[in-house]
Amino acid sequence: MPIISSTRLSTKFGNFQASLHRSSHNSQSCLSFATGDLTQKNCLVRIHSSCLFAEAFHSFECDCKQQLNQTFELIQREGRGVIIYLDQEGRGHGLLRKINAMNLENELNLDTVEAFKKLHYAIDPRSYKAAIDALGDLKVSKQIKLVTNNPKKIKQVQQADYEVDRVELVYDLEEKAVDYLTVKKNKLGHLISDNFLKRLTNQSQTAVVPFTLGMMVKIKNNLRILNGIIAYLKSIV
Ligand SMILES: [Zn+2]
């Protein structure tokens, strides 16, 4: 019995069927959020690894929440698709190791890959077998549109005989998450276009401009006041 339990779930992105699956491969559990007819070809699919800090606590460190929310919006617009949600925090290492790595990044000014290496953690040992089983449980068409920039994910799904068209998302990000995305592109081989990164970098830089200009005006005004005080002091000495 791969689907253990299932319920209708109403969300800000519309109504979904939320199901809890247990994989026959490794008895790993995962969730799916599905809507519309999944059996027709070109079904939107996202296989998403959980990220508690971004998704529940709004952290600026990564783009996980944006990817999840944008996929929900995409599925809502198309009227059909599924998100498989895997409990794979910290690229499959769990919360403890994720926190250890983040702490090292902050203390030694390392990127995520450097921190994982220093801690002797495998860089990305995630398996998507449980998610692929869940696609089977839901009888998803073998021809899918996979929302991802992770080539390993594409390869594992293709190896399970799915024909994959990749869908790239476009979203805005905080500066810190842009750095993270750059590392994912350069060191983990994620398929992130230069144009998208350039747009994100420009956007995070322009976000700083009003603040910088405001600061400059403030400093200039303060200098004017200071000059006035000096002139007054000079006049009374
Ligand atoms: Zn994340």
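Read the figures in this text as sums done on the coordinates, not as results from a lab. Note that the structure is a prediction, hence the values are computed from the model and not measured. Here the Cβ positions follow ideal geometry from the backbone for every residue, glycine too, while neighbour counts run over all protein chains shown.
What the table shows:
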item: Matching entry among Lys65, Lys12 (being under 22 Å from the mean Cα position of the chain (by Cα), within 16 Å of the ligand (Cβ to nearest atom) and not acidic (Asp, Glu)); result: Lys65
item: Total residues in the range 96-129, condition in contact with a Leu (Cβ under 8 Å, 6 or more places away or on another chain), farther than 29 Å from Arg8 by Cα and not charged (D, E, K, R); result: 8
item: Subset of the range 155-168 (residues that are surrounded by fewer than 19 Cβ atoms within 10 Å (Cβ to Cβ) and aliphatic (A, V, I, L, M)); result: Ala160, Val164, Val167
item: Scan of the range 68-94 for residues that are of a type in the set (Gly, Ala, Ser) and within 16 Å of the ligand (Cβ to nearest atom), ordered by number; result: Gly90, Gly92, Gly94
item: Close pairs from the range 114-134: first over 30 Å from Leu38 (Cα atoms), partner among the polar types (S, T, N, Q) and loosely packed, with under 14 Cβ neighbours inside 10 Å, Cβ under 9 Å, at least 6 apart; result: Ala115/Asn103
item: Residue check, Ser49 under 19 Å from Leu181 (Cα atoms), in contact (Cβ under 8 Å) with a residue 12 or more places away in the chain, within 13 Å of the ligand (Cβ to nearest atom) and of a type in the set (S, T, N, Q); result: yes
item: Scan of the range 8-46 for residues that are without any contact (Cβ under 8 Å) to a residue 12 or more places away in the chain and among the hydroxyl-bearing types (Ser, Thr, Tyr), ordered by number; result: Ser10, Ser27
item: Cβ pairs under 7 Å, 6+ apart, first in the range 65-88 and within 17 Å of Glu168 (Cβ to Cβ), second assigned to a loop (DSSP other than H, G, I, E, B) and more than 16 Å from the ligand (Cβ to nearest atom); result: Phe72/Phe13; Glu73/Phe13; Gly81/Gly36
